[in-house]
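First up is the structure itself, then whatever we jot down about it.
Every read-out reported here was derived from the displayed coordinates using simple, explicitly stated rules and does not represent laboratory data. What you are looking at is a predicted structure, and each value in this text was computed from that prediction instead of being measured. A quick note on method: Cβ atoms are made from the backbone with ideal geometry, for glycine too, and the neighbour counts reach across all protein chains shown.
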């Protein structure tokens with residue numbers, strides 16, 4: 001994408017693995033391959049080659065102990081770290097932000113476009129899932145009581161540095177309005193539907209694909225399948241892994257991280273995807289649907305924009321209380337339904353990566369033409 005000789009900076013919270021936010025960033029790197037990419041910390045070779053080959057500039061956090069592994073522990077000083085990044089030579093800043101990336105400081109005449117995955121979830125709607133009594137020790141909980149208000153104030157105040165907000169869903173659009181009192185334009189994130197194919201196969205297991213972190217609520221799936229005694233495969237890694245393994249029955253298997261080819265096989269051979277958390281958007285359900293597989297999802301957040309449970313089109317079933325009993329009831333309803341894999345995939349393709357790329361390129365181009 002031509003940028004009229006403007007100096008462009010991309011900003012992303014951290015580069016430590018390929019998840020939904022990094023897939024958005026990857027497209028931005030394709031559109032602006034000559035941009036400089038700023039981030040708090042970078043764990044080399046943890047993201048795609050399209051991102052790794054960019055000119056990457058890190059913050060002072062990069063040199064602090066275990067920052068590339070335990071970066072979350074530095075949350076209280078992340079605002080300072082992002083503000084210390086020097087972007088004075090850049091005309092256009094495009095941030096991909098779910099934590100502090102949108103808080104970079106720019107020149108007065110520069111333009112900042114933020115693709116917002118969510119306002120900082122750790123200090124707003126997901127606070128209890130990260131720092132509640134059952135999730136964090138006494139010292140951490142006590143410290144966060146003091147830190148939370150500071151971070152909330154900073155999060156709101158720094159939102160004024162953004163000229164144009166893009167929300168990754170209507171769900172996040174509403175959150176941006178409620179927390180920042182800012183308007184935003186919705187562009188759904190990219191889903192690589194071409195990597196997946198329709199499957200008519202049904203294996204002997206249900207599937208979870210997720211980072212194993214508190215707000216994903218994988219514990220609910222484990223509790224439900226412990227009672228159902230049906231096979232559940234969990235694909236993913238995270239700091240909750242050992243805790244989750246400790247409560248899982250023998251019918252539940254943890255398969256760790258897998259590559260895209262192996263992930264496709266898991267999708268193709270499962271009965272359905274279990275999606276128990278509340279996501280800002282949620283790419284995983286659409287990947288499952290791209291193989292024609294239905295999704296059993298908690299009825300909140302982005303799932304309400306991607307999973308359909310209607311007479312005209314049915315791509316999954318919802319459960320309405322985030323607990324074991326409600327999920328089990330949804331699984332039983334799922335068993336009584338008939339799903340059409342081709343129709344499920346056709347729905348997923350409407351969120352394809354090519355559509356995201358075209359929409360965000362057009363949106364940014366319209367802004368650049370006004371400069």
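Quick rundown of the values:
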| quantity | calculated |
| --- | --- |
| FRET E, pair residue 170, residue 63, Förster distance 45 Å, beta-carbon r, rounded to 0.05 | 0.65 |
| Length released on extending from residue 52 to residue 72, taking residue separation times 0.36 nm less the Cα-Cα span | 5.0 nm |
| Gyration tensor (alpha-carbon) shape descriptor, the stretch 290-341, a/c threshold 1.5 | oblate |
| Sorted by Cβ density within 10 Å, fewest first, the residues 28, 87, 327, 64 | 64, 87, 327, 28 |
| Kirkwood hydrodynamic radius of the stretch 297-371, Cα pairs, Å | 14.8 |
| Calculated SAXS-style log₁₀ I(q)/I(0) at q = 0.12, 0.14 Å⁻¹ - the stretch 1-148, Debye, Cα scatterers | -0.51, -0.68 |
| Rg(Cα) / (2.2 N^0.38 Å) computed for the stretch 182-273, rounded to two decimals | 1.23 |
| Whole-angstrom Cα spans of the stretch 73-125 along principal axes, big to small | 33, 20, 13 |
| Computed FRET value (nearest 0.05) for residue 340 with residue 242, which takes r as the C-beta separation and R₀ as 41 Å | 0.55 |
| Global geometry of the stretch 157-223, whether rounded, prolate or oblate, following the gyration tensor of its Cα atoms and the 1.5 cut on a/c | oblate |
| Proxy reagent accessibility, fewest Cβ within 10 Å first, across 267, 73 | 73, 267 |
| Cα-based Rg / Dmax (Å) for the stretch 95-169 | 14.3, 47 |
| Rel. contact order, % - alpha carbon contacts under 8 angstrom, at least six apart, the chain | 13 |
| Semi-axis lengths, Å, the stretch 211-324, gyration tensor of Cα atoms, sqrt of 5 times eigenvalues | 21, 16, 14 |
| Where only C-alpha atoms are counted, convex hull volume of the chain per residue in Å³ | 136 |
| q = 0.21, 0.29, 0.33 Å⁻¹, the stretch 217-258: log10 I(q)/I(0) [Debye, one scatterer per Cα] | -0.58, -1.09, -1.32 |
| Per-residue Cβ neighbour rank within 10 angstrom, fewest leading, 154, 124, 14, 257 | 257, 124, 154, 14 |
